[in-house]
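Student: If you scroll down you'll find the structure; I have some questions about it.
The values are calculated or read from the model by the stated rules, or taken from the named source; none is laboratory data. Owing to the predicted nature of the structure, the values given are computational and were not obtained by experimental measurement. A quick note on method: Cβ atoms are made from the backbone with ideal geometry, for glycine too, and the neighbour counts reach across all protein chains shown. With ligands, DNA and RNA removed, areas are computed over all heavy atoms of the protein, side chains included. Shrake-Rupley method; radii C 1.70, N 1.55, O 1.52, S 1.80 Å.
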Amino acid sequence: MKIKLLEIAHGRSGDKGDAANIGIIAYDEKGYELIGKYLTAERVKEYFKGICQGKVERYELPNLRALNFLLHETLGGGGTVSLKHDAQGKTLAAALLRMELDI
Amino acid sequence: MKEKIRIASGQGFWGDLIEAPFNQVTKGEVDYLVMDYLAEVTMSILQKQKNKNPKLGYAKDIPELMSRILPVCKEKGIKIITNGGGVNPMACAEAVFEVAKALEINGLKVGIVLGDNIKPRLEDLVHTGTHLNNMETGESIGRYLDKILSANVYFGAFPIVEALLKGADIVITGRTTDTGLTLAPMIYEFGWKKTDYDLLASGTVAGHILECGAQASGGNFLGDWESIENMADIGFPIAEAYQDGSVIITKHEKLGGRVSFETVAEQLVYEIGDPKAYITPDCIADFTSIKLEDLGDNRVRVYNVKGSPETEFYKVSCSFSAGFSASGSLTYSWPQALKKAEAADKILRQRLDNLGLKFDEIRTEFVGYNACHGPLAIKPDENEINEVMLRVAVRGQDYYSIERFGKEIAPLILTGPPAVTGFAGGRPKPSEVVAYWPALIPKDLVVPEVKIMEMN
């Protein structure tokens with residue numbers, strides 16, 4: 001079965017140097033269980049192929065039903081050097097929410 | 001001691017909604033107004049302004065803003081805390097005094113936090129063994145010394161607390177952490193100690209929620225954004241802080257936006273790394289300990305925050321000159337909008353190549369197709385897409401190449417694919433690339449200095 005991430009979660013993204021951070025928050029406990037199980041660092045790294053050149057770290061915040069991803073080497077050198085239109089990775093949370101989870 | 005204080009966020013960055021601080025002090029009751037003006041790149045811009053004119057180097061919006069809010073703040077006893085002093089907090093304070101004088105407001109006390117600027121000391125520091133290694137690459141700053149534009153230490157809440165203890169009505173700082181601006185009044189009002197780590201972490205979390213303005217109260221909300229009411233008149237967040245460290249995040253009732261579990265949670269995960277170790281000069285906050293309770297009516301209780309002792313280092317933010325960049329754009333319309341834009345990009349690159357220009361990077365994006373999501377974007381149907389904006393950006397060390405690139409955009413209109421428009425802004429000009437150098441410095445090497453200026 002496939003589930004659209006957008007239907008079970010929301011989030012926000014931003015920059016930390018050349019790394020982007022993407023926080024994904026599930027709307028309920030069931031959703032958090034699903035993202036906890038299926039939205040792995042490996043899955044996110046694979047998804048952002050061509051955008052994220054470095055490693056992906058995943059942190060859990062069960063208190064907020066949230067996962068935080070750090071995508072290293074993602075912003076073309078970081079906010080002030082980057083030539084990207086979205087140099088601060090502001091739209092990357094939306095990009096991730098477009099993902100479908102295979103469950 | 002007050003049972004609670006209300007701290008209002010007035011600005012999330014320099015360039016934020018100008019009406020926000022005025023609304024915060026006039027549309028309901030607050031005790032403090034805190035305003036964050038400093039992004040990483042801002043300090044280098046301000047340093048350049050100060051180099052040209054020693055009376056500049058602070059957020060220039062402040063005097064005009066003060067002329068609107070000072071009378072209200074004086075009347076209601078609202079204290080103002082801001083890091084908008086940039087690289088010249090003293091000049092900022094003097095400008096505020098001028099405003100107060102013109103408004104015939106007397107007896108104003110302004111606290112100024114100095115000492116964060118270590119640029120003049122960099123050479124000495126490196127020679128005495130403090131190498132300010134880049135936190136990301138590990139490289140010593142030594143090789144870049146002649147390219148450094150600004151170097152500032154991030155101070156925390158305690159210098160601001162000192163200014164408040166000395167009776168300041170307004171506190172103007174240079175590089176202070178965004179979170180310190182909100183934490184300081186809690187420490188001051190409730191008498192928290194430097195070792196009250198859970199309390200300091202609670203105030204730090206409140207500061208993180210407030211530091212980006214309306215991003216905590218319905219702005220840039222990726223949840224059900226369409227249901228946010230009255231964004232035109234959006235209310236910025238307010239932290240209602242209690243002695244026990246619990247905080248209720250809310251907003252003025254009359255203003256728009258929303259404060260809910262979801263809007264606060266989105267801000268909590270914004271620009272964080274390891275949530276168990278949110279490091280500030282004041283403490284280390286554990287974001288996984290935070291409890292949020294949505295009380296309804298735009299009130300969210302934040303409590304149970306755990307903290308641990310601060311590290312022995314201050315973070316230093318240096319900026320250095322790293323070449324030049326420019327970007328230009330043209331818009332292509334249906335039919336075959338994307339195909340034309342792609343062809344124009346090829347022609348442009350061929351011409352840049354023929355000219356033998358040198359770049360470190362050339363980047364092409366098609367706004368309307370892939371500028372936000374790159375290779376994740378789904379290619380649109382050529383017959384359906386109405387228009388695409390070609391955006392090409394270049395970066396390099398050779399000024400001439402960057403400048404010449406700027407002269408190669410407009411010619412594409414008459415010498416490239418058809419149905420093209422959108423070149424009204426003139427030739428793109430090279431701008432200096434300012435790169436950012438994060439480092440750590442032992443705390444005992446930098447001492448914050450707090451001054452009080454009093455109006456006669």
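Student: What are the residues in the stretch B:130-156 that are of a type in the set (D, E, K, R) and not in a loop (DSSP other than H, G, I, E, B), if any?
Tutor: Hits for the stretch B:130-156 are B:143, B:146, B:147.
Student: Return yes or no: is residue B:319 in contact with a helix residue (DSSP H, G or I) (Cβ under 7 Å, 6 or more places away or on another chain) and within 14 Å of chain A (Cβ to nearest Cβ)?
Tutor: yes
Student: Out of the residues in the stretch A:53-63 that are more than 10 Å from every other protein chain (Cβ to nearest Cβ) and not in a loop (DSSP other than H, G, I, E, B), which is least open to solvent (accessible area, probe 1.4 Å)? Step through it out loud before you land on a result.
Tutor: From the stretch A:53-63, those more than 10 Å from every other protein chain (Cβ to nearest Cβ) are A:53-56, A:58; that's our starting set.
Still in the running and not in a loop (DSSP other than H, G, I, E, B): A:56, A:58.
Values: A:56: 23, A:58: 64 Å².
So the residue we want is A:56.
Student: Test residue A:80 against the stated conditions and say whether it is in contact with a Cys (Cβ under 6 Å, 6 or more places away or on another chain) and within 9 Å of chain B (Cβ to nearest Cβ). If you could, list the steps in order and put the result at the bottom.
Tutor: Details: in contact with a Cys (Cβ under 6 Å, 6 or more places away or on another chain): no; within 9 Å of chain B (Cβ to nearest Cβ): yes.
When the stated conditions are applied, residue A:80 does not pass them.
Student: I'd like the full set of residues that are open to solvent by 40 Å² or more (accessible area, probe 1.4 Å), modelled with pLDDT of 95 or more and on the phi < 0 side of the Ramachandran plot, limited to the stretch A:64-83.
Tutor: If the condition is that a residue be open to solvent by 40 Å² or more (accessible area, probe 1.4 Å), modelled with pLDDT of 95 or more and on the phi < 0 side of the Ramachandran plot, then A:72 is the only one that fits.
Student: If we keep just the residues of the stretch B:349-390 that are buried (at least 16 other Cβ atoms within 10 Å of the Cβ), closer than 30 Å to residue A:45 by Cα and acidic (Asp, Glu), which is nearest to the other protein chains (Cβ to nearest Cβ)?
Tutor: Step by step, filter the stretch B:349-390, then rank; the result is B:365.
Student: Could I ask something else about it? Residue A:59 fails exactly one of the following numbered conditions: (1) over 20 Å from residue B:278 (Cβ atoms); (2) without any contact (Cβ under 8 Å) to a residue 40 or more places away in the chain. What is the number of that condition?
Tutor: Exception for residue A:59: condition (1).
Student: Take residue B:406 and decide whether it is open to solvent by less than 40 Å² (accessible area, probe 1.4 Å) and without any contact (Cβ under 8 Å) to a residue 12 or more places away in the chain. Quick ask: steps written out before the conclusion?
Tutor: On the way: open to solvent by less than 40 Å² (accessible area, probe 1.4 Å): yes; without any contact (Cβ under 8 Å) to a residue 12 or more places away in the chain: no.
The answer is no for residue B:406.
Student: Can you list the strands (runs of 3 or more DSSP E) lying wholly within the stretch B:226-313 that have 3 or more residues being within 13 Å of chain A (Cβ to nearest Cβ) and either open to solvent by less than 50 Å² (accessible area, probe 1.4 Å) or not β-branched (Val, Ile, Thr) (or both)?
Tutor: On the way: elements: B:238-242, B:247-250, B:284-286, B:291-296, B:299-303, B:306-308.
Qualifying strands (runs of 3 or more DSSP E): B:291-296, B:299-303.
Student: Just one of (1) aromatic (Phe, Trp, Tyr); (2) facing another protein chain (nearest Cβ under 9 Å); (3) in contact with a Phe, Trp or Tyr (Cβ under 9 Å, 6 or more places away or on another chain) trips up residue A:69, so point out which.
Tutor: Going through the list (1) aromatic (Phe, Trp, Tyr); (2) facing another protein chain (nearest Cβ under 9 Å); (3) in contact with a Phe, Trp or Tyr (Cβ under 9 Å, 6 or more places away or on another chain), residue A:69 breaks only (2).
Student: Residues in the stretch B:106-129 that are open to solvent by 20 Å² or more (accessible area, probe 1.4 Å), outside any helix (DSSP H, G or I) and not aliphatic (A, V, I, L, M): how many?
Tutor: 7
Student: Do you know which residues across the stretch B:314-356 are polar (S, T, N, Q) and in a strand (DSSP E or B)?
Tutor: B:317, B:319, B:321, B:325, B:327, B:329, B:331, B:333
Student: Which residues, counting only those in the stretch B:421-446, are open to solvent by 60 Å² or more (accessible area, probe 1.4 Å) and within 24 Å of the chain's Cα centre (by Cα)?
Tutor: B:432, B:440
Student: A further question on this structure: Could you list all residues from the stretch A:84-101 that are facing chain B (nearest Cβ under 9 Å), outside any helix (DSSP H, G or I), open to solvent by 30 Å² or more (accessible area, probe 1.4 Å) and not polar (S, T, N, Q)?
Tutor: A:84, A:85, A:90, A:98
Student: How many of the residues making up the stretch B:164-219 are assigned to a helix (DSSP H, G or I) and at positive phi?
Tutor: Residues in the stretch B:164-219 being assigned to a helix (DSSP H, G or I) and at positive phi: 1 in total.
Student: What number of residues within the stretch B:139-172 satisfy the criterion of being out of contact with any Cys (no Cβ under 9 Å at 6 or more places or on another chain) and either touching a residue at least 40 places away in the same chain (Cβ under 8 Å) or outside the structural domain of residue B:51 (by TED's automatic domain parsing) (or both)?
Tutor: Taking the stretch B:139-172 as the starting set, the residues that turn out to be out of contact with any Cys (no Cβ under 9 Å at 6 or more places or on another chain) are B:139-140, B:142-143, B:145-147, B:153-155, B:157-168, B:171.
In the following step, the residues that additionally are either touching a residue at least 40 places away in the same chain (Cβ under 8 Å) or outside the structural domain of residue B:51 (by TED's automatic domain parsing) (or both) were identified as B:139-140, B:142-143, B:145-147, B:153-155, B:157-160, B:162-164, B:166-168, B:171.
So the answer is 21.
Student: Turning to a different aspect of this structure: Give the residues of the stretch B:130-162 that are surrounded by 14 or more Cβ atoms within 10 Å (Cβ to Cβ), acidic (Asp, Glu) and at pLDDT 90 or above, sorted by residue number.
Tutor: B:139, B:162 - these are the residues of the stretch B:130-162 that are surrounded by 14 or more Cβ atoms within 10 Å (Cβ to Cβ), acidic (Asp, Glu) and at pLDDT 90 or above.
Student: Any residue at all in the stretch B:58-79 that's of a type in the set (Phe, Trp, Tyr), in contact with a Leu (Cβ under 8 Å, 6 or more places away or on another chain) and buried (at least 19 other Cβ atoms within 10 Å of the Cβ)?
Tutor: There is at least one residue in the stretch B:58-79 that is of a type in the set (Phe, Trp, Tyr), in contact with a Leu (Cβ under 8 Å, 6 or more places away or on another chain) and buried (at least 19 other Cβ atoms within 10 Å of the Cβ).
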